[in-house]
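The values are calculated or read from the model by the stated rules, or taken from the named source; none is laboratory data. The model shown is predicted, which means the values in this text are computed figures rather than measured ones. No Cβ is skipped: glycine too gets one built from the backbone with ideal geometry, and neighbour counts run over all protein chains shown. For the accessible areas, the whole protein counts, side chains as well, though only heavy atoms, and no ligand, DNA or RNA atoms are used. Shrake-Rupley method; radii C 1.70, N 1.55, O 1.52, S 1.80 Å.
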Amino acid sequence: MADISPTRFERPTGLAFLGYASGIIIIFWCLAGAGFSVDKVLSSPPRFADFASRAFPPNLDPQVLSRLGTKMVETLQIAVAGAAIGVILSLPVALLAARGLIAGPWINHITRTALSFVRAVPDIAWALVFVVAVGLGPFAGMLAIVVDTIGFCGRFFADDMEGAEKGPAEALTATGARKIDVVVCATIPAATPAFISTSLYALEKAVRSSTILGLVGAGGIGIELKVGFDLFDYPTAMTVILMIAVVVIGIEQVSGWARTRIIGEER
Amino acid sequence: MVVSAVDIEARSIAKTYGETPVFADVSFRLARGEAVALVGANGAGKSTLLRCLMGLIPVSDGQVNLLGVVANTAKGRALRTLRARVGLVSQKHNLVPRLSVLSNVVHGLLGKEPGIRHWNHALAPKASRDAAMSALEKVGLADYAMRRADRLSGGQSQRVAIARAIVSAPEVLFADEPCASLDPSAGEDVMDLFFRLVKDEGVTVIFTSHNVDHALRYGDRILGLAGGALKLDATAASLNPTDLRELYG
Ligand SMILES: Nc1ncnc2c1ncn2[C@@H]1O[C@H](COP(=O)(O)OP(=O)(O)OP(=O)(O)O)[C@@H](O)[C@H]1O
Ligand SMILES: [Mg+2]
């Protein structure tokens, strides 16, 4: 029988070869730009061990713990307040961003571009801006979370509504209902499970952001991390890191539980 | 033949999707109170024709008169007003799953009375709640008013969809394979109920079906689509099942 199976390996075309080669060159160029140094990699384990030995055991002094605990509560307050307001404000924004719902293509495009811009600016940069605008403290942090949440939920709520089942909306359109009535009565209920899922994810994201906003003076536990490192108080810094890890993981668990609880097995 | 009001008139309408023609030069008139079955093979264009007649999608050529209004050019408020005078029941019930049965029926009034008061049964005026409850009574589901719509069986859902379509007292009802997603016995029940209601109220009905018996039993008249043209237009009494099966080639 004649061998009709294709060859196992194909020789890359000239263009493909050029593509691979330039990809590799770009990566090396980037490593150089990032100051990659084998020396530093090799010498870092002892230094890291030194840090670890000075950071352990973490500072578990009750007074410190209660101070950090208070800051952690503030962090969560920033996150929850910011995420809640952000989610509420995202709804009208998403209505403008969703294609084929109530707004025309131009408004869709402008809104989506504005949301991309909001997302492109990192949360910590928004915090810096709001520190200038409203002064140091948790309020600046909360505003940063609000804006960050709108950038995220505005976009994904819009996608959720675009992807929602069309049947009920079509049925109401056929009864002569106005667009806005169709959206409220059919599209939004159909997208609600996705909204809940997106909102819970926004909350997780807000908690993660809020833990570092303190680095720029926008409230929360981040400031303790900075002070710990600045004063070479590594045990306290280690306590902060562990607290953040525990809280972030805890929030992820709670939100996962809430997701299945509220939405149920079906979506 | 007695001269009577014409509710639907198609004047040599055609529909193409992009380059693909679905049907061309289709003309007919439906008198008030008539029940018409639209039959044809899968893909013959029955659903497309119904949607054109309702003004849900534009026709490529020709003119549709629905209740004395040119449906294919109506826009905005005029189109909504026209749609509020007709009802649609599709193969899928298309209820809003997370809302109560009663709210879903109240939504049927949104065309005539737009706005927040008809978003939910809790906000609705008494007259609207009463109308919705009486529509639910007619389909035998008054006891299920507060049940979530996604906790109903297929047959019950379709009956709620019928209640939503009749709550606004439409003058013309469109039904696209209203029992296709139901088992035979639930399908019979839904068809019986639907046609009892429309005959009581003297509503004009145009429905599609793949069931030859249904077409002949419930239709006063049969329209057959095949090969992109109207191949059949006759009274049900003058036809037998074999004539219809021929249409499916
Ligand atoms: N939105 C659309 N875009 C392009 N082509 C379409 C669209 N909707 C339907 N068609 C095509 O138009 C033709 C008629 O479809 P239609 O759904 O009207 O048929 P039907 O008679 O209702 O069939 P069935 O008995 O299966 O419901 C089909 O060939 C279909 O592929
Ligand atoms: Mg069809």
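At a glance:
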| read-out | value |
| --- | --- |
| Pairs where the first residue, in region B:37-55, is farther than 21 Å from B:Gly76 by Cα and away from chain A (no Cβ under 14 Å) and the second is small (Gly, Ala, Ser) and in a helix (DSSP H, G or I), C-beta under 6 Å, 6+ apart | B:Ala37/B:Ala215; B:Val39/B:Ala215 |
| Condition broken by A:Phe195, with the remaining ones in (1) under 18 Å from the mean Cα position of the chain (by Cα); (2) among the aromatic types (Phe, Trp, Tyr); (3) open to solvent by 40 Å² or more (accessible area, probe 1.4 Å) satisfied | (3) |
| Single residue of region A:90-114 satisfying the filter (of a type in the set (Val, Ile, Thr) and touching a residue at least 24 places away in the same chain (Cβ under 8 Å)) that is surrounded by the fewest Cβ atoms within 10 Å (Cβ to Cβ) | A:Ile102 |
| Selection within region B:150-191 - among the basic types (Lys, Arg) and either in contact (Cβ under 8 Å) with a residue 24 or more places away in the chain or open to solvent by less than 30 Å² (accessible area, probe 1.4 Å) (or both) | B:Arg159, B:Arg164 |
| Single residue of A:Gly176, A:Gly141 found to be among the small types (Gly, Ala, Ser), in contact with a helix residue (DSSP H, G or I) (Cβ under 7 Å, 6 or more places away or on another chain) and assigned to a helix (DSSP H, G or I) | A:Gly141 |
| When residues of region B:25-60 are limited to those that are more than 16 Å from ligand 1 (Cβ to nearest atom) and of a type in the set (Gly, Ala, Ser), the one farthest from the chain's Cα centre (by Cα) | B:Ser27 |
| Matching residues in region B:108-118 - criterion: being more than 18 Å from the chain's Cα centre (by Cα) and open to solvent by 70 Å² or more (accessible area, probe 1.4 Å) | B:Glu113, B:Ile116, B:Arg117 |
| A:Gly167 vs. criteria in contact with a helix residue (DSSP H, G or I) (Cβ under 6 Å, 6 or more places away or on another chain), at the interface with chain B (Cβ under 7 Å from one of its Cβ atoms) and of a type in the set (Gly, Ala, Ser) | no |
| Residue match in region A:134-141 (condition: open to solvent by less than 30 Å² (accessible area, probe 1.4 Å) and within 17 Å of the chain's Cα centre (by Cα)) | yes |
| Residue that is nearest to A:Thr239 (Cα to Cα) [pool: residues in region A:21-56 that are in contact (Cβ under 8 Å) with a residue 40 or more places away in the chain and open to solvent by 100 Å² or more (accessible area, probe 1.4 Å)] | A:Phe56 |
| Selection count where residues are within 19 Å of the chain's Cα centre (by Cα), more than 16 Å from ligand 2 (Cβ to nearest atom) and open to solvent by 30 Å² or more (accessible area, probe 1.4 Å), scope region B:203-232 | 5 |
| Odd one out for B:Val22, checked against (1) away from ligand 2 (no atom under 16 Å from the Cβ); (2) surrounded by 17 or more Cβ atoms within 10 Å (Cβ to Cβ); (3) more than 18 Å from the chain's Cα centre (by Cα); (4) in contact (Cβ under 8 Å) with a residue 60 or more places away in the chain | (1) |
| Filtered residue count, region B:80-107, keeping only those that are facing chain A (nearest Cβ under 7 Å), open to solvent by 10 Å² or more (accessible area, probe 1.4 Å), more than 16 Å from ligand 2 (Cβ to nearest atom) and over 23 Å from A:Gly264 (Cβ atoms) | 3 |
| Out of A:Ala114, A:Ala164, sole residue that is over 17 Å from the mean Cα position of the chain (by Cα) and closer than 30 Å to B:Arg77 by Cα | A:Ala164 |
| Candidates B:Asn42, B:Asn72, B:Asn94, filtered to the one that is farther than 18 Å from B:Phe174 by Cβ and assigned to a loop (DSSP other than H, G, I, E, B) | B:Asn42 |
| Complete set of residues in region B:1-19 that are under 25 Å from B:Ala180 (Cβ atoms) and more than 14 Å from the chain's Cα centre (by Cα) | B:Ala10, B:Ile13, B:Lys15, B:Tyr17 |
| Set A:Leu76, A:Leu60, A:Leu18: member being within 27 Å of A:Leu213 (Cβ to Cβ) and open to solvent by 100 Å² or more (accessible area, probe 1.4 Å) | A:Leu60 |
| Selection within region B:61-70 - away from ligand 1 (no atom under 16 Å from the Cβ) and open to solvent by less than 10 Å² (accessible area, probe 1.4 Å) | B:Leu66 |
